[in-house]
1. Out of the residues in region 583-592 meeting the condition of being in a helix (DSSP H, G or I) and open to solvent by 40 Å² or more (accessible area, probe 1.4 Å), tell me which one is nearest to A552 (Cα to Cα).
2. When the residues of region 625-649 are narrowed to those that are out of contact with any Phe, Trp or Tyr (no Cβ under 7 Å at 6 or more places or on another chain) and at pLDDT below 80, which ends up surrounded by the most Cβ atoms within 10 Å (Cβ to Cβ)?
3. Could you check, for region 156-167, whether at least one of its residues is surrounded by 12 or more Cβ atoms within 10 Å (Cβ to Cβ) and part of a loop (DSSP other than H, G, I, E, B)?
4. Restrict the check to region 554-564 and report whether at least one residue is at pLDDT 90 or above, closer than 26 Å to F401 by Cα and among the acidic types (D, E).
5. Quick check on my filter: what residues within region 278-315 are open to solvent by 20 Å² or more (accessible area, probe 1.4 Å), modelled with pLDDT of 85 or more and aliphatic (A, V, I, L, M)?
6. Quick one: is L803 open to solvent by 10 Å² or more (accessible area, probe 1.4 Å) and either part of a strand (DSSP E or B) or of a type in the set (G, A, S) (or both)?
7. Given (1) surrounded by 13 or more Cβ atoms within 10 Å (Cβ to Cβ); (2) within 22 Å of D501 (Cβ to Cβ); (3) modelled with pLDDT of 85 or more, identify the lone condition not met by L275.
8. Which of the residues spanning region 734-788 are open to solvent by 30 Å² or more (accessible area, probe 1.4 Å), closer than 30 Å to F538 by Cβ and assigned to a loop (DSSP other than H, G, I, E, B)?
Amino acid sequence: MAEKQTLPVLPLRGSVIFPGVTSPIGVGRPGTLRAIEAAVKRGDGLIFAVAQRDTAEEPNPEMLYTMGVVARIGQIQRGLGGVQLLLQGEGRANALQYQSADGYLTAEIVRVTEIPPENEADPSFQALYRETRERAMELGEKRGLPEEVLHNVMDSVTEPGPFADLVAGYVELPVAEKQALLETLAVEDRLRRVLVHVQRQISLLEAQEEIKSQVQEELGERQREMFLREQMKAIQKELGEDDQNREIEELRQKLAALELPREARVEVDRELARLERAGRESMEAQVIRTYLEWIAELPWNTRSDDNLDLPHAAAVLDEDHYGLKDVKDRVLEFLAVRQLRARRLADEVDRHGECPLESLLTDRDTANPALKSPKPDSPKVITDQVEAKARAMARGPILLFVGPPGVGKTSIAKSIARALGRKYVRAALGGVRDEADIRGHRRTYVGAMPGRIIQGMKQAGTKNPVFLLDELDKLGISFQGDPASALLEVLDPAQNDTFTDHYLNVPFDLSEVLFIATANFIQNIPSPLLDRMEVVEFAGYTEREKAEIAKAYLIPRQIEEAGLSGHGLQFTDDAVMTIISQYTREAGVRQLERQIGAVARKLARKLASGEAVDATIDPADIRDLLGRPRVHPERIGDRNEVGVATGLYYTPAGGDIMFVEAAIRRLETPLPSTSSADSITPATGWGQVALILTGQLGEVMKESARAALTYAATHARELQIPRDRLGSIEVHIHVPAGAIPKDGPSAGVAMATALVSAMSGRPVRRDVAMTGEITLRGRVLPIGGVKEKVLGAHRAGITEVILPKANEADIEDIPDEVRSQLRFHLTETLEQVLEIALEPQPVPHPQPDDSQPREPTPASHAS
């Protein structure tokens, strides 16, 4: 039985060592270095070299083959990148087991011997051996090895087995195939396999040589062809048949067919002359040709005919969107103006007959070269020119749609284009921070191209598309310029008829484009840019409006997308309201559509699985399909409480109610000057008053709280505040949802109401919500977002709303069905607010018992 032996393991990545072959190995892995050190310390320098199945950085026993080679470490050289050593393979061995010790692998091995041929003198074996030697010699010669070196190496090995290992060690093979040769113990089989691989290598080298010679011949042919082509080009140039001349002529004809402004025509002619002088293959010619192609592809005079049918436009807008009355009215007004202009100009043509065009042009029109022309000779020319004037006069409005996400700002722009019969182009401006994105790059830069405005006009193919500038409030600013400033010219009706892109460097008329911009936060838009646009505000939808949108648009679309069209599924009204109120919290309908889509997909899965599905979807089905409710909106309070007032707030997701809580604590010891309270406010007749504000309040809300405290201190008698509250007290105002930052002046009346309630002991009515800014004198100032706040109050179950008197006109924006269910109180002073919000009779306030000793209150508690 063969003797067992334990040796350090040298894992090999991408290589296999054969017995009798000396191989250089680079080592850098820590475990492998430790294995080499262990082998050197043994004294005999023996190590078990075995190939890895993959190229893992730190191999484990499962990654190593079983058969390897017992090798002796020869020369060792250490360097910065690791260790270089020579391994001399001595014999094959099988690993019985691998173990890990001291940071490297060891293997218990048993040496194996090869199986000699049954009869070495057999002619077939001798022929196999001789053929292998000859083919190996041929392979070495084809690889370019010196003949003398080949003979020395080949003659040094005379036995068939070692010779097969020698050739296998130098043949380029994948690791798996080399490992298969190593594991082939029968000498005759190994020789036959080596011969096959050597023959494949020879065939591959012969194919490479053939390809190389073909390439050399082809290069020679190409050089000859290039020379002939140059001669042909010279001949064609003499004959005027040059391809470049043909391309330039085609481009010239295309540009000549355009009705370009005078400045553009001069620039085009100049660039055409430069292109003719430039060489065909020069970089300058490529830049000029690209520029002229951009000029030729822009819609200088191509227009789409507007559909001025008002009933048709109204039907299209109503078909695509529910509500949005202000936007639809603005579009119909635009169409009505266009229609009246067209009638007036047609009457002028009938009245003037063959009169000169200049009699119909305004001062601005006469300054436009595109409208100047020789005096017409026929009524038809007059009609064409007046039509051109009508189109020039039809300057599109520049609209800005402002509102929370998901209310239909972007989608209605498509509907407007469809209603007008115009092309639709969209440019997403979110994250744009380079002026060149708007105005283009100058042609001096490599890879220059026009800005998004000119690119959009080329995409539209007409000069009067509906151009949507999406997310205008998300424009950035960087050292590369301010894109918002670049838009000033684009969105100015007095300037955009001569918009000059840096790449084109000639004026382009944008006056007939209907620009529509969208934004979520109007305060993020610079004032000069905002001044150039007509703002149309999109408010959040009421729950009833969302339900109507879901039934008319969202549910049919999601049922179609889920493949449920033929199954007769119906959502009950209660089911739709359940999704709206318990699974969504938004001003728009995007999240609502996602939830409806989730219901449709779950139903589709059930149907595809063969389960029975009820065709009518009710609230119970919604609960089963969507799980527990995800949204828990604020609801009206359970009872009237002291120190708790209901305020209103507005976010891009819509409006809602919030509770403002106030609590009063009497202090027995004066506050030190180092107290960490937000404010220490001395008041006439009062002791020291510490104000603590919590709930992540912004600076504006903190100032509102200080103003409310000062008002209460100066009007204590009128507010029926007990005398025991006139000592040193601590006032704590808290707004729940402390993880959410809050700011704004509109919570002033709610803070003041909660504070006065806590001081006077009078409960605040739970059915009353309020909003408004306050002053030190108790005046109530107007605020914004009235519609969204009132809708939020209505959703929460509030029945009475206190608003500033100055916001009375905003009540008209509230939907009738909501307005009819609420009672509005318009106030000008805080005294009026308190009279409505507080219960008339104060709750008896217990007087402190001075005879009972109290624990001293640490000053740090005020923080």
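The values are calculated or read from the model by the stated rules, or taken from the named source; none is laboratory data. Because the structure is a prediction, the values reported are computed rather than measured. Every residue, glycine as well, gets a Cβ built from its backbone with ideal geometry; the counts of neighbours run over all protein chains shown. SASA here: full protein model, heavy atoms, side chains in, ligands and nucleic acids out. Shrake-Rupley method; radii C 1.70, N 1.55, O 1.52, S 1.80 Å.
1. First pass over region 583-592, keeping only residues in a helix (DSSP H, G or I): 583, 590-592.
Still in the running and open to solvent by 40 Å² or more (accessible area, probe 1.4 Å): 590-591.
Working: R590: 15, Q591: 16 Å.
By that ranking, first place goes to R590.
2. Among those that are out of contact with any Phe, Trp or Tyr (no Cβ under 7 Å at 6 or more places or on another chain) and at pLDDT below 80, it is E634.
3. Yes, the conditions are met somewhere in region 156-167.
4. Within region 554-564, none of the residues are at pLDDT 90 or above, closer than 26 Å to F401 by Cα and among the acidic types (D, E).
5. V287, L310, A314, A315
6. Numbers: open to solvent by 10 Å² or more (accessible area, probe 1.4 Å): no; either part of a strand (DSSP E or B) or of a type in the set (G, A, S) (or both): yes.
In short, no.
7. With (1) surrounded by 13 or more Cβ atoms within 10 Å (Cβ to Cβ); (2) within 22 Å of D501 (Cβ to Cβ); (3) modelled with pLDDT of 85 or more applied to L275, the lone miss is (3).
8. Matches in region 734-788: P736, A737, A739, I740, P741, D743, D767, P782, G784.
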